[in-house]
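What follows is a short report on a single structure.
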Amino acid sequence: MDTLTHALSGALLARAMPAPGGAVARRVAAGFFACAAPDLDFVASFAGPVEYLLNHRGVTHSLLLMPAWAIGVAWLLAKVLREAGGWRALYAVCLAAIALHIAGDLITNYGTMVLAPFSDWRAAIGTTFIIDLWFTGIIVAGLLACAIGYRSRLPAIAALAVLCGYVGFQLVQRQHALEFARRYADAHNLTAARVDAQPRPASPFNWTVFVSDNERHRFAHINLVRREPRRYQPGDGFIAPIDSPYLPLAQATWVERSRYGEVGAARGREAWNSPALGFFRWFAAEPAYDGESEAGRCLWFVDLRFETPGRNAIPFQYGACRDGQEWRAYERASGMQVR
């Protein structure tokens, strides 16, 4: 989830919690900043792209360390907000806000290391796209209702209930997408293949479904309720280009992508399994071969989770280049060696 949505959700949660009459504003401010605080781990990006992958949504998003982070954040905010009751007065709000941040990231598809630093397992429920305007809109509407009915906590409680219901609705849609993928797998005698569904922007009905085996991915961009394709022309706005690629189920177009390359797959498999790309094997959920350069010296890979139609830039593209007998890892965007 984007950091602003996290912060707004923290403010909404704080307003829903009991607070002394004169302390409501401080509690809401504490919820706002505490719910954004875990994303301070972006500083890992200054150490390099691999360090960012290895550490983003790591220790600052850990359920095990959450009580300790809440103490630190509450202490700092008590100083900034001049809370007479000290950090203890803000601790419950900060603890709840950090927990909400972790929950908000768990529902996306990036993965969150909730057991860090003792485990690098990445939990991901995968119901919600990283930027969901409907999700954020519910929060904003709830905060506006709170401003109008500022004497009551009920608008905030109601908005949080609607937000939970929306995520539950998305979970149901994910199950429908998985069922569609499984029907495709069964129809094409791919019963041993793994099926997956990744949320996409603009609508809770937009999904990319995957049917994958050890050699290739088969995937389609679908809309679960659309009867006719959405057509757009230049000038229709910024939503139309990212919404129109998702086709009705009856018109789903399946695309195949190899994990290691159509030609020279042995070399692609060697590069992918090299120690240099160990970090990317750990991170990527839907890895695919993405071309080569320099006469086959460098082979590139991408995580199809983040290849979104209508989006020009594709993040997290890495490759291995052979240097003598050794493979070295590079980031495609910068062309720089990363390991």
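Can you name the condition, by its number, that Ala266 falls short on among (1) surrounded by fewer than 18 Cβ atoms within 10 Å (Cβ to Cβ); (2) under 20 Å from Trp300 (Cα atoms); (3) touching a residue at least 24 places away in the same chain (Cβ under 8 Å)?
(3) is the only condition that Ala266 fails.
Do you know which of the residues in the range 315-339 that are among the hydrophobic types (A, V, I, L, M, F, W, C) and in contact with a Phe, Trp or Tyr (Cβ under 7 Å, 6 or more places away or on another chain) is surrounded by the most Cβ atoms within 10 Å (Cβ to Cβ)?
Applying the filter and picking the extreme gives Ala320.
Specify which of the listed residues (Leu13, Leu53) is in contact (Cβ under 8 Å) with a residue 40 or more places away in the chain and within 21 Å of Trp121 (Cβ to Cβ).
When all the criteria are applied, what remains is Leu53.
Select from the range 234-268 the residues that are more than 21 Å from Pro199 (Cβ to Cβ), in contact with a Gly (Cβ under 8 Å, 6 or more places away or on another chain) and in a loop (DSSP other than H, G, I, E, B) and list them in ascending order.
Answer for the range 234-268, where residues must be more than 21 Å from Pro199 (Cβ to Cβ), in contact with a Gly (Cβ under 8 Å, 6 or more places away or on another chain) and in a loop (DSSP other than H, G, I, E, B): Arg259, Tyr260, Gly261, Gly264.
Output the residues belonging to the range 64-94 that are surrounded by fewer than 16 Cβ atoms within 10 Å (Cβ to Cβ), assigned to a loop (DSSP other than H, G, I, E, B) and modelled with pLDDT of 95 or more.
Leu64
So in the range 161-196, with the set limited to residues that are farther than 12 Å from Thr128 by Cα and either of a type in the set (S, T, N, Q) or in a strand (DSSP E or B) (or both), which one is farthest from the chain's Cα centre (by Cα)?
Of everything passing the filter in the range 161-196, Asn189 is farthest from the chain's Cα centre (by Cα).
Within the range 317-330, can one find any residue that is assigned to a loop (DSSP other than H, G, I, E, B), of a type outside the set (Gly, Ala, Ser) and modelled with pLDDT under 90? Quick ask: steps written out before the conclusion?
Going residue by residue through the range 317-330, those that are assigned to a loop (DSSP other than H, G, I, E, B) are 324-325.
Filter once more, so that each one left must be of a type outside the set (Gly, Ala, Ser): 325.
From what's left, modelled with pLDDT under 90: 325.
Yes, the range 317-330 contains a residue that is assigned to a loop (DSSP other than H, G, I, E, B), of a type outside the set (Gly, Ala, Ser) and modelled with pLDDT under 90.
The values are calculated or read from the model by the stated rules, or taken from the named source; none is laboratory data. These numbers come from a predicted model, not from an experiment. No Cβ is skipped: glycine too gets one built from the backbone with ideal geometry, and neighbour counts run over all protein chains shown.
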